[in-house]
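The structure appears below as structure tokens.
The values are calculated or read from the model by the stated rules, or taken from the named source; none is laboratory data. Since the structure is predicted, the reported quantities are computational estimates derived from the model, not experimental observations. Ligands, DNA and RNA are excluded from the accessible area calculation, which covers all protein heavy atoms including side chains. Shrake-Rupley method; radii C 1.70, N 1.55, O 1.52, S 1.80 Å.
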Amino acid sequence: MARALCKSYRVAAKEPGVAGALRHFFRREYKDVEAVKGVSFEIERGEFVGFLGANGAGKTTTLKMLTGLLLPSSGELRVSGHFPFDRRSDFLKRITLVMGQKQQLMWDLPALDSLRVNAAVYDLPKLQAERRIAELAEMLEIESKLTLPVRKLSLGERMKCELLAALLHEPEVLMLDEPTLGLDVNAQDSIRRFLKDYNQTRRATVLLTSHYMADIVALCPRVLLIHEGRLVYDGSLEALTERVAPYRQLRLELPELVSRERLATYAEVELLEGRKVVLSVDRAQVTNVVARVLAELKPLDLGVTDPPIEQVIGRVFAGQKEALA
């Protein structure tokens, strides 16, 4: 639970150039930068929630406050009944943080050695740790990779080992910051399937940040949208699409070339590449437009879809937050 959560930093303000550097040396001035501004939300046990925002929106700062790495400037914060920054052992054994751009495994040693170190840190009995490693390695399909030096693993294999290390102590709250960063399509899909299974079988609470919208669409029934430090949306992806993008895309393959001017009489033309066309159609007009297109243009292929979620979220980040009011 976060209520009116804020985090600000005091940073030195320096003007450019030599004169600015001299003034900064003799009389340093400071300014306050607000990274998170009054963010409030609650997440129930077992939820899988996406946490979205552009670079610099405040996502990672919020995650670091939720895990106790940063002290909030103001507001109320509780995770599993604890104030995270107290960093009590009971709390630390209930959570984990995985950051796609950071690693905890020792580079030149087999991943298994790092996993055994983690087991000792969390006071796991040897038999329990070995059982847990075997179970998670099977779920992640990396049993044969644990005895190889980490530096010899592929990026996807390393990320799976990072997840194994982070979940060794059976945390009930997972905070994942870009866990599929840089992975190929197959590795991304494998990580998604594992996280979904882990969430469902263990009733683990998961807060996921990702720039890959496929991660969010596949895993997160609910999303939190943060923009310039403020929470601007909390709800389902479907509701977000309907409120911010009240249109659907009509995708056509035509039997012959048709001018943009003629297509514009049906709806707004998003794409025209030869005989391939994408029209943006108001949701209330989809049935009528489809009937006209079928009767008059006789397309070879026709499909009606929601706009890509990247496009929907991009509209929010472009300053259309008033559509959420």
Output the direction-averaged projected area (hull surface divided by four) of the convex hull of the alpha-carbon atoms of the chain, in nm². 23.6 nm²
Along the stretch 114-120, what does the Karplus equation 6.51 cos²θ - 1.76 cosθ + 1.60 (θ = phi - 60°) give for ³J(HN,Hα), rounded to whole Hz, x for Gly and Pro? 5, 5, 5, 5, 4, 4, 5
Enumerate the calculated ³J(HN,Hα) couplings along the stretch 209-220 in order (Karplus 6.51 cos²θ - 1.76 cosθ + 1.60, θ = phi - 60°), each rounded to whole Hz, writing x wherever the residue is Gly or Pro. 10, 7, 8, 8, 5, 4, 4, 5, 4, 6, 10, 10
Lysine pairs in the stretch 117-272 with Cα atoms under 22 Å, if 8 or more residues apart or on separate chains: 5
Distance between Cα centroids, the stretch 211-267 to the stretch 82-136: provide it in whole Å. 39 Å
Rounded accessible area per residue of the chain, 1.4 Å, Å²: 52 Å²
Karplus 3J(HN,Hα) series, Hz, for the stretch 39-48 with 6.51 cos²θ - 1.76 cosθ + 1.60 (x for Gly, Pro): 7, 9, 6, 10, 10, 7, 4, x, 6, 10
Lysines with Cα under 27 Å of K7, excluding same-chain neighbours fewer than 8 positions away: K31, K37, K59, K64, K93, K102, K321
For S8, the residues 5 or more places away or on another chain with a placed amide H closer than 5 Å to its own amide H are A35, S73
